[in-house]
Amino acid sequence: MLLVDADAQRSSSIWLEAMESQMPYEVIQSPDDLLERIPDLTAGCDHLVVDGPAGLSEATRAILFRTDLAIVPCQPTGVDLRSASDAVRLIRQAQSVRSGPPQAAVFLSRAVKGTKLLDEAISLLSKTGVPVLSSVIHQRQVVADTFGQGATVWDLSGRSATEAAKEFEKLFKEILGMLP
Ligand SMILES: Nc1ncnc2c1ncn2[C@@H]1O[C@H](COP(=O)(O)OP(=O)(O)OP(=O)(O)O)[C@@H](O)[C@H]1O
Ligand SMILES: [Mg+2]
C-alpha cells in the first residue's frame, strides 16, 4: 500500500513518521501533481490511499478524477452533514465527467452512542444518494491519543483501544468489499 498525503497539514505522513512505519508515502498537494502522478503511482502498488485535504478544493477534484473509490467521513453534527453533502456534490460531478467512477460511500465518525443526532444523521445522509456504510466509528479518547503517542489503536492497550480497533477493522473490511 502507498499513502498519498494531499493535506497541507500533513497529519497522516507526520503520524507515519512518528510510528516509524514501513508504509511508503508521498506528499503531493498541488492539483496538477495529483492529477498527473496518481496514475503512475497506482501502477506500482496494490492499493493507493489518498488522504484528501480539509475542505473542498481543486485538489479534491483532482483526486476524484483519478480514484476508484471516494470515502467521506462525516461527524454527526449539522455543520459536518452540510460539508458531507458538498463533498457528495463534487463526487457526483466527477462521476458525471467520468461516466461512472469513482464509487463513493459516507461513514459516520466520532459518533456518540445513543444520541438522537446520530439517527438523524444517518437518515439525512442516506438522502444524498451515496451509500452510508453500516460501520460507525465512535468518539473515544484513545483514538484522539494515537497521533500524540505515535501509535495506532492496534498498538495501544486497554478495552477502549480493542473496541476502537474492532470498529476500524469492520470499516476497512466494508471499504475493501466495495473496491472493483
Ligand atoms: N473516533 C474518534 N474519537 C476521538 N477523537 C477523534 C476520533 N476521530 C478523530 N478524532 C480526533 O479529531 C481530530 C481530527 O481528526 P482527523 O485528523 O482524523 O480528521 P480529518 O477529517 O482528517 O480532519 P481534516 O479535515 O482537518 O484533515 C483529531 O484531533 C483526532 O484525534
Ligand atoms: Mg485529515
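So the values come out like this:
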| quantity | calculated |
| --- | --- |
| Using distinct alpha-carbon pairs, which all enter the 1/r mean, Kirkwood radius of region 1-67 in Å | 11.9 |
| ³J(HN,Hα) computed for each position of region 9-23 - Karplus, 6.51 cos²θ - 1.76 cosθ + 1.60, integer Hz, glycine/proline x | 6, 6, 4, 6, 6, 5, 5, 4, 4, 4, 7, 6, 6, 8, 5 |
| The chain: equivalent-ellipsoid semi-axes (sqrt of 5 x gyration tensor eigenvalues, Cα, Å) | 25, 23, 14 |
| Among 19-28, 97-106, the order from most to least packed when residues are scored by Cβ within 10 Å on average | 97-106, 19-28 |
| Reachable aspartates and glutamates from LYS166, criterion Cα separation under 20 angstrom, eight or more residues apart if same chain | ASP145, ASP155, GLU174 |
| Full-stretch length increase - ALA151, GLU26 - with 0.36 nm per residue and alpha-carbon distance subtracted | 43.0 nm |
| Ascending count of other beta-carbon atoms within 10 Å, so fewest first, for THR115, THR42 | THR115, THR42 |
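Just so you know, all these numbers are worked out from the coordinates, no wet-lab data involved. Keep in mind that this is a model prediction, so the values were computed, not measured. Glycine gets a Cβ as well: all are built from the backbone with ideal geometry, and neighbour counts include every protein chain shown.
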